[in-house]
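Chemist: This is the structure I want to talk about, given as structure tokens.
Computed from the coordinates by the stated procedures, all read-outs in this text should not be read as laboratory data. The structure presented is a predicted model; accordingly, all values stated were derived computationally and were not measured. All Cβ positions, even for glycine, are placed from backbone atoms using ideal geometry, and neighbour counts span all protein chains on display.
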Amino acid sequence: MTIRRALAEDVHPIVAMLADDPLGARRETPGDPAYLKAFEVIDADPHQFLAVADLDGEVVGTLQLTFTSGLSRLGMTRATIEAVRVRSDQRGGGLGADLVRWAIDEARARGCGMVQLTTDASRVDAHRFYERLGFTASHVGMKLSL
């Protein structure tokens, strides 16, 4: 397996993974052209890295890594991991952990002082997964839909 920057042709398999769970099934619409437009914006932004896990030419996992500069903590840059997904037939084999560890290494290589993420409050298994990788539930996340 290799982890690489996503290409436009990877968008459809990525969206399929996003839609392949109870939460994603309610909010994703595979095939909508909006995903390709969003990909173009992400791909053009040097502060974004949409990654895919590629196994023998097939996309089997994904995550998005965002780099945010800030003034707090002496101007520390933070990396945010989002949308971690593993294709259903590949789950349970450590691929998700490999993806997250890759993201942590990438953040470190880019000089980040912290890696952060949010996970839906209902994803209890995901909470345990991230805790096993060393993440702590240190903050309360909030959202405002617009």
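Chemist: Which residue out of Thr2, Thr29 is exposed (fewer than 12 other Cβ atoms within 10 Å of the Cβ) and either among the aromatic types (Phe, Trp, Tyr) or in contact (Cβ under 8 Å) with a residue 24 or more places away in the chain (or both)?
Modeler: Thr2
Chemist: Within the bounds of the range 60-73, is there any residue that is touching a Lys or Arg at 6+ places or on another chain (Cβ under 6 Å) and without any contact (Cβ under 8 Å) to a residue 40 or more places away in the chain?
Modeler: Yes.
Chemist: Still on this structure, please answer the following. Considering only the range 78-97, I want to know if a residue exists there that is within 22 Å of Val11 (Cα to Cα) and acidic (Asp, Glu).
Modeler: yes
Chemist: Tally the residues that are assigned to a loop (DSSP other than H, G, I, E, B), in contact with a Leu (Cβ under 9 Å, 6 or more places away or on another chain) and not hydrophobic (A, V, I, L, M, F, W, C), restricting the search to the range 3-45.
Modeler: 2
Chemist: Has the range 104-117 got any residue that is surrounded by 12 or more Cβ atoms within 10 Å (Cβ to Cβ) and within 19 Å of Gly24 (Cα to Cα)?
Modeler: For the range 104-117, residues surrounded by 12 or more Cβ atoms within 10 Å (Cβ to Cβ) and within 19 Å of Gly24 (Cα to Cα): present.
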